[in-house]
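Heads up, the thing below is written out as structure tokens.
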Amino acid sequence: MPFFLSPRVIYGKGAIKRLSAELEGKGTRAAIITERNLKEKCSELIESVKAAGYEVTMWDGVEADPTLDIALAASRFLLDSSPQWVIGFGGGSAIDTAKAAWVLYERPDLAAGDLRKSVLPKAKLNLRRKARFAAVPTTSGTGADVTWVAVLTDRSVNRKIVFAHNDIVPDLSVLETQLTLSLPRGITASTGLDVIAHAVDGYTSKQQNDFSDGLCLQAVKMAMEWLPVVCRDGSNIKAREKMLNAATIAGLGFGNSNTGLSHALGHSAGAVFHIPHGRAIGIALPYSLSYIASNPPSEGVLDPVERLAVLARLVGIDDPSPGDAAEAFIGLIKSIQREIGEPSSLRDAGITEDRMMSEMEALVRIAEKDPNMYTTPCECKGKALRGLFEIMWRGSAQ
């Protein structure tokens, strides 16, 4: 990538209150896109936006694993309310829905075409003629508040649709730790594994660079230290803050290098089996890392084994052999996975063998077409990909 992408990030105590000063004088109407069960958490946000002189409207129809139809419905709400700011409030589902709705609000002409082909990196979107975009994450995982992508599900073909464009990077990201304190342990755990996957994938990506490397390294260190802590005690405000910051730092990292094989596998499993995003990615991560560590990298790509060995040393694994260090690092991820109570296989996630085998061709087909395959450091397709899905289901190579 020839340049670094980042929104303005407001973080620390009182971040939402400080949003008011950022919005002042930049419009008179704002629209919040969120989930119905998060409406009560929006009161401070609404108060801050109103203090900047805005009329505030809200659409609360976001669902988990959001579909294209949901985003289209949200865009119709925006077309009716004509805001100058669109604010995504919630986890990755809410922010991705809000991003997609914002694109369709700015460009309603795109709704008539094939959106899978319309919102691509080289397209000319010309956003911000109607509104700017702010993201307020309430989970510590997706990094959607700082990235140039939005992921939806197209149920008609049972696959993920990725909106990917530089214009989609939010203008503002607002990190308010208090919003994450009430997160259930399961969501804390699965979204936390997504943070680790973002940072590790971003560091081993075919498109890694000096700027993304530093961010990914810091995010790995923070997430692997603080995720077990916050899962043991969700009221630990310091641990909550560290994980929220780590999620955004990882987002800035992989947002400027891209993710890889774990996300291609996880997107496919999530689309076919409707497993929550973070959980699907978490299951895929150790197996995808073992795969890239045991297969030759593409020409010109830095050796994933050496890269994983760097990560191992970063988290305190002192082994002079890069291969052994990489293996120990993958083992540490599995250990954290067990400690926080997340499933380590698709079988543990409730997928039966019959269902797995009946969906195998779809899993392989969807993963092969996933854009994250392009930035995976080695080739993975066909028979090799099928074998990897089988390992993901069993939980081992045997």
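FYI, it's all coordinate maths here, none of it is from the lab. Nothing here was measured: the structure is a model prediction, and the numbers come from that model. We place every Cβ from the backbone using ideal geometry, glycine too, and count neighbours over all the protein chains shown.
Projected onto planes of every orientation and averaged, the convex hull of the alpha-carbon atoms in the chain covers 18.1 nm². Rg/Rh for segment 8-180 (Cα atoms only, Rh after Kirkwood) is 0.94. Give me the lysines in straight-line cross-link reach of K381: C-alpha distance below 22 Å, same-chain residues under 8 apart excluded. Within the straight-line limit of under 22 Å, K381 reaches these lysines: K160, K206, K369. Solvent-free Debye calculation, one equal scatterer per alpha-carbon of segment 167-271: log10 I(q)/I(0) at 0.13 Å⁻¹ equals -0.47. With the simple spin-label model, which puts each label point 7 Å out from Cα in the Cβ direction, the E379 to R8 separation comes to 4.8 nm. Based on C-alpha pairs under 8 angstrom that are at least 6 apart in sequence, segment 8-180 has a relative contact order of 26 percent.
A Förster radius of 22 Å combined with the Cβ-Cβ distance from T57 to A21 puts the calculated FRET efficiency at roughly 0.55. I'm checking a number: the convex hull volume of the Cα atoms of segment 185-394, normalised per residue, in Å³. What is it? It comes to 102 Å³ per residue, whole-number rounded. Across segment 20-30, coupling constants 3J(HN,Hα) worked out from phi with the 6.51/-1.76/1.60 Karplus curve, θ = phi - 60°, read 3, 5, 6, 8, 4, x, 10, x, 10, 10, 10 Hz, and Gly and Pro carry x. Dividing the Cα radius of gyration of segment 290-337 by 2.2 N^0.38 Å, with N the residue count, gives 1.11.
Shown here: segment 18-118, whose C-alpha atoms stretch 40, 27, 19 Å along the first, second and third principal axes, sorted largest to smallest.
For the chain, modelled as a GNM whose springs connect Cα atoms under 10 angstrom apart, the maximal fluctuation among L104, L385, L79 occurs at L79. For segment 260-369, the Kirkwood estimate of the hydrodynamic radius, built from every pair of different alpha carbons, is 15.0 Å. When the P(r) is computed for segment 1-77, the part past 15 Å accounts for 65% of the Cα-Cα pairs. Of the residues W393, Y203, L261, the one whose Cα sits farthest towards the positive end of the charge dipole of segment 185-394 is W393 (charges of +1 on Lys and Arg Cβ, -1 on Asp and Glu Cβ, taken about the Cα centre). Size descriptors for segment 212-278 (Cα atoms only): Rg and Dmax, in that order, 13.6, 37 Å.
Relative contact order of the chain: 15 percent, from C-alpha pairs under 8 Å at least 6 residues apart in sequence.
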